[in-house]
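Engineer: There's a structure below that I have some questions on.
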Amino acid sequence: MLGGRSTVLFRMLHRKCRSQFYPRTNNTVSRTFVPDEKVPWDIIWEEYNPATFTASHINGQPWADPAITDSNFHPQWNRIDGNINRKSHMGQYQIVDFLPLNPLGRTGLRGRGVLGRWGPNHAADPIVTRWKRDESHNVEFHSVTKKPILQFIAIQRRDTGEWAIPGGMVDPGEMVTSTLKREFMEEALNILECGSDKIEKSNALIDKFFDEGEDIYHGYVDDPRNTDNAWMETVAMNFHDESGTSVGAFPLCAGDDAVNVRWMDISKELTLYASHNDFIAKVVAKHNSHW
Ligand code: RP5
């Protein structure tokens, strides 16, 4: 648990999951307001009694857990449970009244919201980058910072309309490295519907590209879907096309969960989904590029 840490962490990493209305509910589900100082579970707050919400459409879904009251449901918390990873990147999480507790603290809402798993819901985020170039293929530098401008492949999410890294959920038993490649192929190249000859003939190149990623972040995501009992975690990796001639030259095509996809210039003005800005900032530090 992170209860004793300063409130700075909560302001940064636990903000979007305390917004007034729960997403995808047409503002019909409200969170109890949780001020920064009351986020940690070890701060006693006797009156804390938020609403409970688990979206009805997740009942019975193959990707979702059963209700916590289901007598056949015996989750192995903090462990690899069959082929479901119930371990957290944040260390051991607590179980109170049979429910896992969000390791970052209170969110103002109990239940599972629209998330499939009680406890951690594991995702993977592929951050695919290249240098911004002019028509003569020369790298462009920012006029003020004099640093080269990095671009990354961003998708516009269908659910919130926000721009984001084209990440997705890790399937049960799936290796995170496979999720990173699969999600990119589905979300940014839409290989099924738009798969061009060029991409089909480049299988070996794509495999090699996705073999050479660099770790950027693994841990909690400040996702607006998080609740007191279910939350997003991710592994973010950077895949960089230095010359801009391999994956950096592929035609982009938005997949099912996206309405748009494009190369986006990176700067501190970006406003991305969840805590994706923080992951992009780490990529910038690695490449010493414009911010
Ligand atoms: C975020 O949600 C993760 O960082 C990842 O980008 C995404 C995965 O959820 P879906 O896009 O599958 O909804 O928390």
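Engineer: Relative contact order for the chain: what is it in percent, counting Cα pairs under 8 Å that are at least 6 residues apart?
Structural biologist: 23
Engineer: Follow-up question, since we're still on this one. Two decimals is fine: what is log10 I(q)/I(0) at q = 0.15 Å⁻¹ for segment 16-104, from a Debye sum with one equal scatterer on every Cα and no solvent?
Structural biologist: Treating every Cα as an identical point scatterer, log10 I(q)/I(0) equals -0.79.
Engineer: Let me ask something else about it. Quick one: of the DSSP bridges fully inside the chain, what percent are antiparallel, nearest 5?
Structural biologist: Beta bridges within the chain, antiparallel portion: roughly 65 percent.
Engineer: Quick one: grab the alpha carbon gyration tensor of segment 123-287, order the square roots of its eigenvalues as a ≥ b ≥ c, and give me rounded if a/c is under 1.5, else prolate or oblate depending on whether a/b is larger than b/c.
Structural biologist: oblate
Engineer: Using DSSP to define loop residues, name the trypsin sites (Lys or Arg not before Pro) in segment 207-291 whose beta-carbon has at most 14 other beta-carbon atoms within 10 Å.
Structural biologist: Of the trypsin sites (Lys or Arg not before Pro), the ones in loops of segment 207-291 whose Cβ has at most 14 other Cβ atoms within 10 Å are Lys268.
Engineer: Considering only lysines 8 or more places apart in sequence, or on different chains, count the pairs in the chain whose C-alpha atoms sit under 14 Å apart.
Structural biologist: For the chain, the number of qualifying lysine pairs is 6.
Engineer: Then there's this: With θ set to phi - 60°, apply the Karplus curve 6.51 cos²θ - 1.76 cosθ + 1.60 along segment 95-112 and write out the HN-Hα couplings as whole Hz, x wherever there is a Gly or Pro.
Structural biologist: Rounded to whole hertz, the list is 10, 10, 6, 6, 10, x, 9, 3, x, 8, x, 6, 10, x, 8, 9, x, 10.
Engineer: With angles folded into 0 to 90 degrees, how steeply does helix 176-187 sit against the dominant principal axis of the chain? Use alpha carbons for both and round to 10.
Structural biologist: For helix 176-187, the angle is close to 70 degrees.
Engineer: Something else about it: Within segment 55-125, list the trypsin sites (Lys or Arg not before Pro) lying in a DSSP loop whose Cβ has at most 15 other Cβ atoms in a 10 Å radius.
Structural biologist: Arg79
Engineer: Right, another one. Hey, rough spin-label estimate for Leu192 and Phe21, points 7 angstrom out along Cα→Cβ, what's it come to in nanometres?
Structural biologist: 3.1
Engineer: Another question about this same structure. Write out the cysteines belonging to the chain for which the nearest other cysteine Cβ is not under 4.7 Å, or none if no such cysteine exists.
Structural biologist: Cys17
Engineer: I've got another one for you. Cα gyration tensor of the chain, axes a ≥ b ≥ c as square roots of the eigenvalues: rounded (a/c below 1.5), prolate (a/b > b/c) or oblate?
Structural biologist: It is prolate, given that a/c is not under 1.5 and a/b is the larger ratio.
Engineer: Ignoring ligands, DNA and RNA, what accessible area per residue does segment 86-184 give at 1.4 Å, in Å²?
Structural biologist: 41
Engineer: Would you mind checking the tilt of helix 276-287 against the longest principal axis of the Cα atoms of the chain, expressed as 0 to 90 degrees and rounded to 10?
Structural biologist: Taking Cα atoms only, the helix is inclined about 40 degrees.
Engineer: Hey, another quick one. Taking amide hydrogens as modeled 1.01 Å from N in the peptide plane, which residues meet the under 5 Å criterion relative to Thr129, leaving out close sequence neighbours?
Structural biologist: HN-HN under 5 Å from Thr129: Phe239, His240, Asp241.
Engineer: From Cα pairs below 8 angstrom and at least 6 apart in sequence, can you work out the relative contact order of segment 123-287, rounded to a whole percent?
Structural biologist: For segment 123-287, the relative contact order is 33 percent.
Engineer: Same structure again: In whole angstrom, note down how far apart the Cα centers of segment 164-178 and segment 15-41 are.
Structural biologist: Centre-to-centre (Cα) distance: 26 Å.
Engineer: Right, another one. Can you give me the % of accessible surface on segment 123-287 that is carbon or sulfur? Probe 1.4 Å, all protein chains present, nothing else counted.
Structural biologist: 49
The values are calculated or read from the model by the stated rules, or taken from the named source; none is laboratory data. In this text, all values refer to a predicted model and were calculated from it rather than measured experimentally. Note: ideal-geometry Cβ built from the backbone for every residue, glycine included; neighbour counts use all protein chains shown. To get the accessible areas, we keep the full protein, side chains included, count just its heavy atoms, and leave off ligands, DNA and RNA. Shrake-Rupley method; radii C 1.70, N 1.55, O 1.52, S 1.80 Å.
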